[in-house]
Amino acid sequence: MTDVNVKEKTFETPDLGFAAYLKMKGLKLKTIGRDERRFKFIFNVNGSNIEDLKVQFINSESYEFDASVRILKLMIKNKEQ
């Protein structure tokens, strides 16, 4: 959950779970970019309050799902070692 570009009214995040949540909340995906090592999802903000959406995400079942997926991925990775 990173940068808000006020001039263009966009928000970008490398967090796949949060990006999916923003899509579910109706924000429009402008593009998917890439910097040196990771992808980033860039959304049109259009008056949405990103700070409120961050709090809503953390308190949602979507966050619990995302956290569970991350834990399960770690378990698979550790099992392979």
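Values quoted throughout were computed directly from the atomic coordinates according to the rules given, and no laboratory measurement underlies them. Values in this document were obtained by computation on a predicted structure and should not be read as measured data. Neighbour counts are summed over all protein chains in view; Cβ atoms, including those assigned to glycine, are modelled from backbone coordinates with ideal geometry.
At a glance:
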read-out	value
Amide H contacts of Lys40 (H built 1.01 Å from N, under 5 Å, at least 5 apart or other chain)	Gly33, Arg34, Asp35
Along the chain, longest interval not containing exposed GluC sites (Glu not before Pro), exposed being DSSP loop plus at most 13 other Cβ atoms within 10 Å	37-81
Virtual paramagnetic centre 7 Å along Cα→Cβ of Glu8, amide N under 19 Å, in region 25-46	27-46
Extension gain (nm, one decimal) between Met24 and Ser68, 0.36 nm per residue minus Cα-Cα	14.0 nm
Given 16 as the ceiling on other Cβ atoms within 10 Å, longest exposed-site-free region of the chain for trypsin sites (Lys or Arg not before Pro) in DSSP loops	39-81
Residue with peak Gaussian network fluctuation, the chain [Cα springs, cutoff 10 Å], from Gly47, Gly33, Gly17	Gly47
